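Before we start, here is the structure in question, set down as structure tokens.
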Amino acid sequence: MPITNASPENILRYLHAAGTGTKEAMKSATSPRGILEWFVNFFTCGGVRRSNERWFREVIGKLTTSLLYVNKNAFFDGNKIFLEDVNGCTICLSCGAASENTDPMVIIEVNKNGKTVTDKVDSERFWNVCR
């Protein structure tokens, strides 16, 4: 299909849809923020694209191995789960304290070269996905 309106924005949209992109887009996708967005997407039932399949399998393998050593009760008691070298990043999963109105949240920290980004997902959803 030809690009009829070849503006830079439209070309980037086509490249993104085709699974390719600029060096900046690839750097953004592999940054701690990009890894965090992908990891949160995994636990919030986002779709898994073919381009993410390798990371998906890598994370599943590392998470499965980690869960052999940390069970749900130990996790809620303060044990952390570390996933090393996920595309050069370290992922730390920990359980935040519950408030009286909400369940505890799983805190996801992604660190690469001293830069850390953080997000949270619902703990029940996290454990349902991990089952």
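No lab work stands behind these numbers, since they all come straight from the coordinates. All values reported here derive from a predicted model rather than from experimental measurement. Reconstructed Cβ throughout: ideal geometry from the backbone, glycine too, with neighbour counts over all protein chains shown.
Net charge near Cys130, counting Lys/Arg +1 and Asp/Glu -1 over other residues with Cβ under 11 Å of its Cβ?
Spelling it out: positives minus negatives among the neighbours equals +2.
Mind ranking 89-98, 71-80 by how tightly packed they are, going by the mean number of other C-beta atoms within 10 angstrom, highest first? Can you show the working numbers first?
Numbers: 89-98: 17.0, 71-80: 12.9.
Highest mean packing first, the order is 89-98, 71-80.
Right, another one. Find out how many positive minus negative residues lie around Asp103, taking Lys and Arg as positive, Asp and Glu as negative, among other residues whose Cβ is under 14 Å from that of Asp103.
Combined, the nearby Lys, Arg, Asp and Glu give 0.
Would you mind counting up the charge near Lys72? Only other residues with Cβ under 15 Å from its Cβ, with Lys and Arg at +1 and Asp and Glu at -1.
-1
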